[in-house]
């Protein structure tokens with residue numbers, strides 16, 4: 001799903017030669033840096049760097065990785081991803097699964113005024129509170145948010161910043177591919193998204209990685225209108241790959257009013273307990 005060679009090629013293609021002191025003229029046909037330029041700036045031989053990009057040298061030293069990260073202008077997330085891609089594959093138990101402990105469901109119970117979900121590294125929703133279901137307008141457990149975003153065109157209008165959301169999701173899945181390279185469920189999801197979405201194919205080919213821990217998340221809900229919310233991601237200890245996502249609204253804001261209205265629209269006797277789904281692929 002992801003490999004060191006492809007990551008290096010895409011990273012060097014985005015570096016401005018002038019920014020690293022390399023003169024540029026009209027005869028230059030390469031986008032970004034040439035391989036020999038990366039090698040020279042990193043202090044490694046051209047032959048060794050070529051072997052890295054061809055996948056024939058897969059365990060560079062920490063010093064080489066740090067030098068490459070510096071030359072390629074990698075941020076902290078990309079640096080971590082680069083290091084993970086060079087580690088030897090190690091035997092794994094099953095990839096993190098889809099069962100949510102009852103204690104975590106009780107936590108969702110304690111968040112009645114904000115949509116809250118528990119997702120795994122594939123962005124499968126494993127559990128959600130009642131308000132999350134009302135936000136999506138459907139039972140949320142069992143939903144894969146990447147599939148929902150890219151393949152369900154009828155639901156695309158829910159995301160006010162659809163293009164930004166796609167960048168975040170692809171960046172997240174790229175990170176997950178580096179962390180869980182042996183997960184067949186993730187490989188299958190990436191293949192399905194690539195087959196069904198031209199935008200996903202283009203973004204995946206860029207090999208960008210993102211680790212979103214918080215930020216703005218805007219929706220256009222068909223019943224209550226615009227909802228500009230703030231998303232916080234909480235990594236769950238001892239639950240590899242699982243995160244608790246909470247979408248909150250500022251006090252006395254239109255978004256808070258919208259969530260309150262949304263809750264009231266679904267208050268006609270519906271079950272308010274968090275829902276879960278344990279039958280996702282593991």
>> Suppose we keep only residues that are modelled with pLDDT of 65 or more and part of a loop (DSSP other than H, G, I, E, B) within segment 263-282. Which one would you say is surrounded by the most Cβ atoms within 10 Å (Cβ to Cβ)?
In response: 266
>> Looking only at residues that are more than 29 Å from the chain's Cα centre (by Cα) and surrounded by 15 or more Cβ atoms within 10 Å (Cβ to Cβ) in segment 18-33, which one is nearest to residue 204 (Cα to Cα)?
In response: 20
> Within segment 237-262, how many residues turn out to be buried (at least 18 other Cβ atoms within 10 Å of the Cβ), touching a helix residue (DSSP H, G or I) at 6+ places or on another chain (Cβ under 9 Å) and not in a strand (DSSP E or B)?
Replying inline: 6
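Listed here are the residues, each with its yes/no results for (1) touching a helix residue (DSSP H, G or I) at 6+ places or on another chain (Cβ under 9 Å); (2) buried (at least 16 other Cβ atoms within 10 Å of the Cβ); (3) not assigned by TED's automatic domain parsing to the domain that holds residue 262.
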position	(1), (2), (3)
180	yes, yes, no
196	yes, no, no
214	no, no, no
225	yes, no, no
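The values are calculated or read from the model by the stated rules, or taken from the named source; none is laboratory data. Note that the coordinates shown come from a computational prediction; the quantities given were computed from them, not determined experimentally. As a convention, Cβ positions derive from the backbone with ideal geometry for all residues, glycine included, and neighbour counts pool all protein chains shown.
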